[in-house]
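Chemist: What follows is a structure written as structure tokens; I'll ask about it next.
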Amino acid sequence: TVGTALLVVALVLGYVLYLSSRQRKVRVVPAYLGGETAGEGTGDSLSTGYARNRGVAETRVLGTEFYDSIRRMPVLSTLYDLGERGVCDIQRIGRLAGPVGRAFAALHTGSLSTYVAWIVLAIVVLIAALVSVSIS
């Protein structure tokens, strides 16, 4: 079929591209990290605080230290702090799902007029929220 033919053509084309990319030589360059090339300048210019305290000059930056500048950004620091307090904990949020689900199940009466009333109420709340946001 046409689908099989297209699949075979795609596989052959992918294999040809793979073979053509293997023939290129790989360029090896020194690592550029933290505004310096590894090995340049002082021996401890790129070493971690932990390594400097131990007296070891290793050119390495830990991931936890590397992203500290991002963690200290105003909006993200708030999100990180909330996350550390467990606000985003899926297990904590999951514990609320049962009672909330039971409350909504109790509201389902099977009556179409009740469902329409809930939909209209939701639309009114959404419009009120959008209007209050656009005013401020």
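Chemist: Out of A117, A105, A128, report the one residue that is more than 27 Å from the chain's Cα centre (by Cα), exposed (fewer than 10 other Cβ atoms within 10 Å of the Cβ) and not hydroxyl-bearing (S, T, Y).
Modeler: On the way: A117 fails: exposed (fewer than 10 other Cβ atoms within 10 Å of the Cβ); A128 fails: exposed (fewer than 10 other Cβ atoms within 10 Å of the Cβ).
Unique residue meeting the criteria: A105.
Chemist: Taking S134 as the residue in question, decide whether it is more than 31 Å from the chain's Cα centre (by Cα) and small (G, A, S).
Modeler: no
Chemist: Here's something else I'd like to know. Out of everything in the range 73-99 that is β-branched (V, I, T), surrounded by 10 or more Cβ atoms within 10 Å (Cβ to Cβ) and assigned to a helix (DSSP H, G or I), what residue ends up being modelled with the highest pLDDT?
Modeler: Within the range 73-99, the match that is modelled with the highest pLDDT is T78.
The values are calculated or read from the model by the stated rules, or taken from the named source; none is laboratory data. Predicted model only: the values in this text are computed from it and were never measured. Counting neighbours? That spans all protein chains shown, and the Cβs are built from the backbone with ideal geometry, glycine included.
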